[in-house]
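See structure below.
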């Protein structure tokens, strides 16, 4: 069941990764318009609060993707989003938290629920198929004499084998 759910999640994971990269890229571009901490130290001296709130908040592409991932998990620290494009950054932050947190988690729950329902609906048939496969794999363990005696009783599973020497038309005639 776990394998079926993971296989069904591959499309979701692709969409989630693309949105993480997109929102991370947007935040990275907006972050690069802020000054670096070194530039702000020259301007403000040792005022750590001014430097922390006005400096770049993302320094590389992997940081940007990780920043978007943290937002998708609910890390909503808005105190260090810089001062340049403040309204645009806040709007992008709200849009990304709505999309990544609420919509993507709901889609994830829907995909997992659908996979679980599909797997559960075929679980009984799958169990009998596995039992039949197990019986055919271990048929060689039973003596042929015992197989014949149990076959005469009619209590066990019959194994049908197609004769390779007969053509398809002959098999159809025998079935009719």
(message) Consider the stretch 6-31. How many of its residues are surrounded by 15 or more Cβ atoms within 10 Å (Cβ to Cβ) and under 8 Å from the mean Cα position of the chain (by Cα)?
(response) 3
(message) Restricting to the stretch 124-142, count the residues that are closer than 24 Å to residue 9 by Cβ and modelled with pLDDT under 80.
(response) 0
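The values are calculated or read from the model by the stated rules, or taken from the named source; none is laboratory data. Given the structure is predicted, the values throughout are model-derived calculations rather than measurements. Counting neighbours? That spans all protein chains shown, and the Cβs are built from the backbone with ideal geometry, glycine included.
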